[in-house]
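*Asks:* Next up is a structure, given as structure tokens.
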Amino acid sequence: MLKIMTHKPLTQRQLKPEFEHNYVRSSDLGYESIDLDSSIRCLAHGFPTPLARWHYHDEYELHLITATSGKVFVGDWIGRFAPGHLVLTGPRLPHNWVSMDLPNEGVAQRDLVIQFPHAPVALGSKHIPELLEVLPMLERAKYGIEFFGLEQIAQERWHRVKAARGVARFGIFCELLSHLSRCTDYRLLSSVQLKSVDNDEQLDQINTIFKRITDNLMEPLSAAVMAQELAMTESQFSRFFKRTTGNTFTDFVGHVRINRACQLLMETDRRIAAISVDVGFQNMANFNRRFLAMKGVTPSDYRKQSANRFGLK
């Protein structure tokens, strides 16, 4: 018999995601036993459940929806989901799936999940070169990746991972990672991401640029000013920035400002006009236009929809 769990009422202070601690991961809720000696953790649960909430954790999470449809919230992204929806979220990226067509009795199984930490894969890749294949995908996962066409493989591998132990479990898990890392039909959900950077010096330069942008959102920034600070010509800087980020400098600054606005819309009660100034838009009409073009909704509609990330009516 499906156990229906109720939620606490949403209060004015519940604006930020909840951190999921390991000690709350009970087998009664669908987690594998904490006594299982594995870095790979399988989880299956229905809906409603206290596990379905706006939250984050330290592990990567591969999340497959098997029943119902509704709204999905990943970082600052809001979208739709249906059975077969497959997403990989990176460490500490907030997320939640809220079913909108739930039958009165709920559903016994809606989510098949695999969680795994970063360190074993990263450290293992230093000694097992085959693991290097998955590192670019894990880097992309910090923004959330939706995969297309892999739902049957993901579901079959989930059951095999769940049933296996020891090296056999790790081997099946690596097969699944291989399928995901080689998939070319995917989209990033929450934000822009870096392309490959050639060396540590370039990485330091990019980090300097990003910090300059994020620390001074209200300040007008131009490619010419950034080029001068990095001792480049403007054309050299523009080529370098486009190659390493996939965006022009102007477009990238716009992305950062809109993404920051999304965070403020979700996590504060500040007026939208004040938020537009906070993120560097002096013209409210321009802010609304850029936000709509990038997110597909107006700032006010985004704020209304984002309230649903708590899974409450």
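*Asks:* Given the options Asn288, Asn104, Asn22, which has the most mean-square fluctuation in a GNM of the chain, springs set between C-alpha atoms less than 10 angstrom apart?
*Replies:* Greatest mean-square fluctuation among the candidates belongs to Asn104.
*Asks:* May I ask you to compute the full-extension gain from Asp301 to Ile153, defined as 0.36 nm times their residue separation minus their alpha-carbon distance, rounded to one decimal in nm?
*Replies:* Full extension from Asp301 to Ile153 adds 49.7 nm.
*Asks:* 5 Å is the cut-off here: which amide hydrogens, built 1.01 Å from N in the peptide plane, fall below it relative to Leu93, excluding neighbours closer than 5 in sequence?
*Replies:* His57
*Asks:* Working out 0.36 nm times the residue gap between Asp278 and Leu230, then minus their Cα-Cα distance, what length gain in nm do you get to one decimal?
*Replies:* Additional length available on full extension: 14.7 nm.
*Asks:* In whole angstrom, and with the biggest value first, how far do the Cα coordinates of region 200-310 range along each principal axis?
*Replies:* 44, 28, 22
*Asks:* Separate question: Please give the calculated 222 nm ellipticity per residue for the chain, where each DSSP H segment of at least 4 residues contributes -39500 (n - 2.57) and the sum is spread over every residue; nearest 500 deg cm²/dmol?
*Replies:* Taken over the chain, the calculation gives -12000 deg cm²/dmol.
*Asks:* Take the eigenvalues of the Cα gyration tensor for region 18-188, scale each by 5, and report the square roots as semi-axes in whole Å, largest first.
*Replies:* They are 24, 18, 15 Å, listed from largest to smallest.
*Asks:* Describe numerically, in nm with one decimal, the distance between label points set 7 Å from Cα along Cα→Cβ at Ala168 and at Glu219.
*Replies:* 6.0 nm
*Asks:* To check you understand DSSP bridge types, tell me what percent of the beta bridges within the chain (both residues inside) are antiparallel, rounded to 5.
*Replies:* 95 percent
*Asks:* Further question on the same structure: Where a ≥ b ≥ c are the square roots of the eigenvalues of the C-alpha gyration tensor, would you call region 252-302 rounded, which needs a/c under 1.5, or, failing that, prolate if a/b is larger than b/c, or oblate?
*Replies:* Judged from the Cα gyration tensor, region 252-302 comes out rounded (a/c under 1.5).
*Asks:* Sum up the lysine pairs in the chain that clear both bars: alpha-carbon distance under 16 Å and a spacing of 8 or more or different chains.
*Replies:* For the chain, qualifying lysine pairs total 10.
*Asks:* If R0 is 22 Å, what FRET efficiency do you get for Leu292 and Ala82 from their C-beta distance, rounded to 0.05?
*Replies:* Efficiency at R0 = 22 Å is approximately 0.30.
*Asks:* Label-point separation (nm) for His179 and Glu105, each offset 7 Å from Cα along Cα-to-Cβ?
*Replies:* 3.1 nm
*Asks:* How much length is gained if the chain between Ser69 and Glu18 is pulled fully straight, taking 0.36 nm per residue apart and subtracting their Cα-Cα distance, in nm to one decimal?
*Replies:* Full extension of this stretch gives 16.0 nm more.
*Asks:* Show the residues, 5+ positions off or on another chain, whose built amide H is closer than 5 Å to the amide H of Gly246.
*Replies:* It is Lys195, by chain and number.
*Asks:* If you don't mind, another one. Just rank Thr66, Thr268, fewest to most, by other beta-carbon atoms within 10 angstrom.
*Replies:* Ranking Thr66, Thr268 by Cβ neighbours within 10 Å, fewest first, gives Thr268, Thr66.
*Asks:* Also, quick follow-up: Under 10 Å, Cα contacts only: if you run a Gaussian network model on the chain, which one of Gln155, Gln236, Gln282 comes out with the highest mean-square fluctuation?
*Replies:* So, out of Gln155, Gln236, Gln282, the one fluctuating most is Gln236.
*Asks:* Right, another one. Sticking with the crude label model, points 7 Å out along Cα→Cβ, report the distance from Arg92 to Ile128 in nm, one decimal please.
*Replies:* Going by the 7 Å Cα→Cβ label model, 2.6 nm.
Each reported figure results from applying straightforward, stated rules to the coordinates on display, with no laboratory input. Treat the numbers as computed from the prediction; the structure is a model and nothing was measured. Positions of Cβ are backbone-derived with ideal geometry, glycine not excepted, and every protein chain shown enters the neighbour counts.
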